[in-house]
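Presented below is the structure to which this report refers.
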Amino acid sequence: FWLVIIALAAFAGFQVRGLLAEGAIVSSPETNAQQIRWQPLSEAAIQSALADGKRVFIDISADWCVTCKVNEHRVLNQPAIISALAEPDVVALRGDWSKPSEPIARFLQSRNRYAIPFNQVYGPGEPQGEMLPPLLDQQSVLNALTHARG
């Protein structure tokens, strides 16, 4: 039993070390994420944007979530995504689950999700919202935003 635990801990350590070496979970104070005009996540914000014919990109993450940091570094902070989220018909909403949040927990539960990272795209072409995979890639985000345009 202990051998399995030690092996898993060693594997996890190598994975995190690799991410650190690649800079995937280390961010500088002046990252491109500051260029994304994130607004607070709420059902009202989603409905308001949809009523205005806009697309909505939702990101729920946390400071302690390694996968969230990888998504942020490798996808969300990349120029193509920053540009797509800056389009006039896109509203970027972010929920921070770094500390327990009952509203975010309810939001996730209403979508039958109970973990993060969580990303979803709404729009005229996707009124029910398209949920993205936990580990993002740029193309899937761009495709979802294009599809949501209608």
TODO: For Val66, state whether it is β-branched (Val, Ile, Thr) and surrounded by fewer than 16 Cβ atoms within 10 Å (Cβ to Cβ).
DONE: yes
TODO: Would you point out the residue of the range 104-119, among those that are surrounded by 13 or more Cβ atoms within 10 Å (Cβ to Cβ), outside any helix (DSSP H, G or I) and hydrophobic (A, V, I, L, M, F, W, C), that is farthest from the chain's Cα centre (by Cα)?
DONE: Ile116
Open item on the list: Contact list please: Cβ distance under 9 Å, first residue in the range 124-143 and outside the structural domain of Ile82 (by TED's automatic domain parsing), second residue modelled with pLDDT of 95 or more and surrounded by 15 or more Cβ atoms within 10 Å (Cβ to Cβ), pairs at least six apart or on different chains.
Closed with: none
Open item on the list: Which numbered condition in (1) surrounded by fewer than 19 Cβ atoms within 10 Å (Cβ to Cβ); (2) touching a residue at least 40 places away in the same chain (Cβ under 8 Å); (3) farther than 20 Å from Pro40 by Cα is the only one that His73 fails?
Closed with: (1)
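The values are calculated or read from the model by the stated rules, or taken from the named source; none is laboratory data. Being a predicted model, the structure only gives us computed values, none of them experimental. Cβ sites come from the backbone with ideal geometry, for glycine too, and all protein chains shown count toward neighbours.
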